Amino acid sequence: MRADARKNRDHLLSVAGTVIAEQGVEASLRDIARKAGVGLATLLRHFPTREALLEALLHTSFDELTARAGELETSGSPEDALVSWLRDCVAWTTEYRGVTVLMAAAIEDTESALHASCVTLRAAGTRLLTRAQDAGTARTDIDGTDLFALIAALAWLGDQPALAPRADHLFDVVASAILAK
C-alpha cells in the first residue's frame, strides 16, 4: 500500500474509533467519512462494508486480548488468570457500545469479516476456562460459549446508564459464580 493510502486508511480508522466509541457500532458511515474529511466513496474504497471497517478497527484489540490470554495461561493461578482476562474483555467491550452483539453474530457467521477474530478470541478464553476447570477452580458446567455470553451480558450492564454504577459489583458476582466453591 502506498504511503499516502496508508496514511488515509490510518486516519479513517482513528476517526472511526472516536465516532464509534461515542455513538456505538451503528454509527453512520457517512458521518465517519465527513468527520474524517473525506467522501463516503473514499471510506468505502478502504472499507467496503461496516464489518470490514469494524474488523480493521477491532483487529488489534482482538489480537491483544488473545495474546493476553496466552500470557495468563502460563502465569499466575488458573483462577486469577481467568478472572483477569474476563475483566480485560469486559472493559474492552464497553469501549464500543454494541460490539458484543456483532461479536456474537460473527461467531455464527463464517462469512463475517469479524468471524475469525471472534472465534480466536473465544478459543483463548476457553483455554483459560478449561485450565481453571482442570485445576478445580472453575465450574465444569460452562464452556467457552457460555463465557463469551457472560462477557456480552457484563458489557451490556456497562452500557446501561442506570446500571453502570453497579457494573463492577455485578462483575464480581458473576466471576464468583464462574469459580468453583
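Since every read-out is calculated from the coordinates, none of them should be taken as a lab result. Owing to the predicted nature of the structure, the values given are computational and were not obtained by experimental measurement. FYI the Cβ positions are ideal-geometry reconstructions off the backbone, even for glycines, and counts take in every protein chain you see.
In table form, for the structure just shown:
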{"quantity": "Stokes-Einstein D in µm²/s, Kirkwood radius over Cα pairs - the stretch 16-71 at 20 °C with 1.002 mPa s viscosity", "calculated": "177 µm²/s"}
{"quantity": "Alpha-carbon gyration tensor eigenvalues x 5, square-rooted, for the stretch 1-43, Å", "calculated": "19, 11, 7"}
{"quantity": "Derived scalar couplings ³J(HN,Hα) [the stretch 14-20; Karplus, 6.51 cos²θ - 1.76 cosθ + 1.60; whole Hz; x for Gly, Pro]", "calculated": "5, 5, 4, x, 5, 5, 5"}
{"quantity": "Within the stretch 1-48: Cβ-based charge dipole about Cα centre, in debye rounded to nearest 20 (Lys, Arg +1; Asp, Glu -1)", "calculated": "260 debye"}
{"quantity": "Between the stretch 60-93 and the stretch 118-181, the Cα center-to-center distance that results, in Å", "calculated": "11 Å"}
{"quantity": "Hypothetical label at Asp141: residues of the stretch 158-181 whose amide nitrogen lies under 17 Å (7 Å Cα-Cβ projection)", "calculated": "174-181"}
{"quantity": "Magnitude of the charge dipole, the stretch 17-102, Cβ model with Lys/Arg +1 and Asp/Glu -1, debye to 20", "calculated": "640 debye"}
{"quantity": "The chain, relative contact order [Cα under 8 Å, separation at least 6], %", "calculated": "21 percent"}
{"quantity": "Average projected area [Cα convex hull, the chain], square nanometres", "calculated": "11.3 nm²"}
